[in-house]
1. For region B:73-110, what are the residues that are within 14 Å of chain A (Cβ to nearest Cβ), touching a Leu at 6+ places or on another chain (Cβ under 7 Å) and under 14 Å from B:V134 (Cα atoms)?
2. If you go through region B:82-106 one residue at a time, how many are charged (D, E, K, R) and without any contact (Cβ under 8 Å) to a residue 40 or more places away in the chain?
3. Determine whether B:R181 is of a type in the set (K, R), more than 12 Å from every other protein chain (Cβ to nearest Cβ) and part of a helix (DSSP H, G or I).
4. Take the residues of region B:51-92 that are charged (D, E, K, R) and not in a helix (DSSP H, G or I): which is modelled with the lowest pLDDT?
5. Would you mind finding the one in B:A206, B:A202 that is surrounded by fewer than 20 Cβ atoms within 10 Å (Cβ to Cβ), farther than 30 Å from B:V67 by Cβ and either touching a Pro at 6+ places or on another chain (Cβ under 9 Å) or modelled with pLDDT of 90 or more (or both)?
6. State which residue is surrounded by the most Cβ atoms within 10 Å (Cβ to Cβ) when the search covers only region A:39-78 and only residues that are part of a helix (DSSP H, G or I) and among the polar types (S, T, N, Q).
7. Here is a check on your reading of the model: is B:A197 more than 13 Å from chain A (Cβ to nearest Cβ) and in contact (Cβ under 8 Å) with a residue 12 or more places away in the chain?
8. Kindly list the number of the only condition in (1) among the aromatic types (F, W, Y); (2) within 14 Å of another protein chain (Cβ to nearest Cβ); (3) surrounded by 22 or more Cβ atoms within 10 Å (Cβ to Cβ) that fails for B:F114.
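The values are calculated or read from the model by the stated rules, or taken from the named source; none is laboratory data. Because the structure is a prediction, the values reported are computed rather than measured. Every residue, glycine among them, receives a Cβ derived from its backbone with ideal geometry; neighbour counts consider all protein chains shown.
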Amino acid sequence: MEGDIVQMGAYIGAGLACLGMGGAGIGVGHVAGNYLSGALRNPAAAAGQTAFLFIGIAFAEALGIFSFLVALLLMFAV
Amino acid sequence: MAEANGGLNIRPMDQFRVEPLFGGDYVGMFTITNVTLWMALTVLAVTLIMVVGARGRALVPTRSQSVAEVAYSFIYRMIEDVAGRDGVRFFPYIMTLFMFVLFANLLGLIPWAFTTTSHIAVTAVLALAVFITVTVLGFVLNGAAFLRLFWVDSAPLALRPILALIELISYFVRPVSHSIRLAGAMMAGHAVAKVFAGFAAALGAAFFIPVLAVTALYALELLVAVIQAYVFTILTCVYLKDALHPHH
């Protein structure tokens, strides 16, 4: 019984941890949207900045990955 | 968990199971598994395109030669742009990383194939290799001055110890995010494709709706496979830049 409750808590926690991915989604959208608005203002400079676009996306995404990691740990390791 | 005799029986994670190729259940250190097979195929594919494909060295490249040349100049320019001119010394390593990850991702998209990069164990080794290389390189090239990476000179003095702590944590978290990003993206994409494929089996006559969805998803996954290889490589370049020039 107690193990069931612990498992239930782990599953609920894993589900809650997935909310963090929404934050990562907001962050990635923010980076990409700002890149696009900048690129439309100055299309000539856009091509040179794609590397920074992807680096920015990767860093924003990293925090979503941590929530995914927490979910994985709760599912399989706790 | 889903019952075996239920209507909807989708097991999206089964495709990631590591199994021995030549019978038995035991998976040890040196057992030849499907991971071994697909990694070998990845290396074979990279060798084919980079060595055999580019062998002609024609002035007007053939198709396979131009693929090799595009990949080569793409990575070369990326290292120059992100890590600087002196990062070009590490071109062979970064090129190898890119080609391996790219082809592992792309080969994993073949139906019934095994995606080696969907396993955190595989990507963690790649990311740890980068992390250790970059850290050792930073200390060898800069000595103790490498630690200035964590000491943000442009910040107010009172903030610097706190920033140093944050920088230190973010430095050691790098291999974690570096590896899980790739494995997570690959695993999630393939699992979603499997779930949609399972819908096709369950829907009967309306099977074409999920099949169309899977087709669209497959195109997206092709994009993700290339972008994740690109991101993995460009982050390697960023970490390399920190080792070569540890000043903010």
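1. Within region B:73-110, B:A83, B:G87 meet the criteria.
2. Residues of region B:82-106 that are charged (D, E, K, R), as a first pass: B:85-86, B:89.
If we keep only those that are without any contact (Cβ under 8 Å) to a residue 40 or more places away in the chain as well, we get B:85, B:89.
Going through region B:82-106 one residue at a time, the tally reaches 2.
3. Numbers: of a type in the set (K, R): yes; more than 12 Å from every other protein chain (Cβ to nearest Cβ): no; part of a helix (DSSP H, G or I): yes.
Spelling it out, it is not the case that B:R181 is of a type in the set (K, R), more than 12 Å from every other protein chain (Cβ to nearest Cβ) and part of a helix (DSSP H, G or I).
4. In the first step, residues of region B:51-92 are kept if they are charged (D, E, K, R); the result is B:55, B:57, B:63, B:69, B:77, B:80-81, B:85-86, B:89.
Narrowing the set further to residues that are not in a helix (DSSP H, G or I) leaves B:55, B:57.
Values: B:R55: 84, B:R57: 80.
In this case the residue turns out to be B:R57.
5. Numbers: B:A206 fails: either touching a Pro at 6+ places or on another chain (Cβ under 9 Å) or modelled with pLDDT of 90 or more (or both).
That would be B:A202, the only listed residue that is surrounded by fewer than 20 Cβ atoms within 10 Å (Cβ to Cβ), farther than 30 Å from B:V67 by Cβ and either touching a Pro at 6+ places or on another chain (Cβ under 9 Å) or modelled with pLDDT of 90 or more (or both).
6. As a first pass, look at region A:39-78 and keep what is part of a helix (DSSP H, G or I): A:39-41, A:43-77.
Checking which are among the polar types (S, T, N, Q) leaves us with A:49-50, A:67.
Working: A:Q49: 14, A:T50: 14, A:S67: 19.
For region A:39-78, the residue satisfying everything is A:S67.
7. Numbers: more than 13 Å from chain A (Cβ to nearest Cβ): yes; in contact (Cβ under 8 Å) with a residue 12 or more places away in the chain: yes.
Against the criterion (more than 13 Å from chain A (Cβ to nearest Cβ) and in contact (Cβ under 8 Å) with a residue 12 or more places away in the chain), B:A197 qualifies.
8. Going through the list (1) among the aromatic types (F, W, Y); (2) within 14 Å of another protein chain (Cβ to nearest Cβ); (3) surrounded by 22 or more Cβ atoms within 10 Å (Cβ to Cβ), B:F114 breaks only (2).
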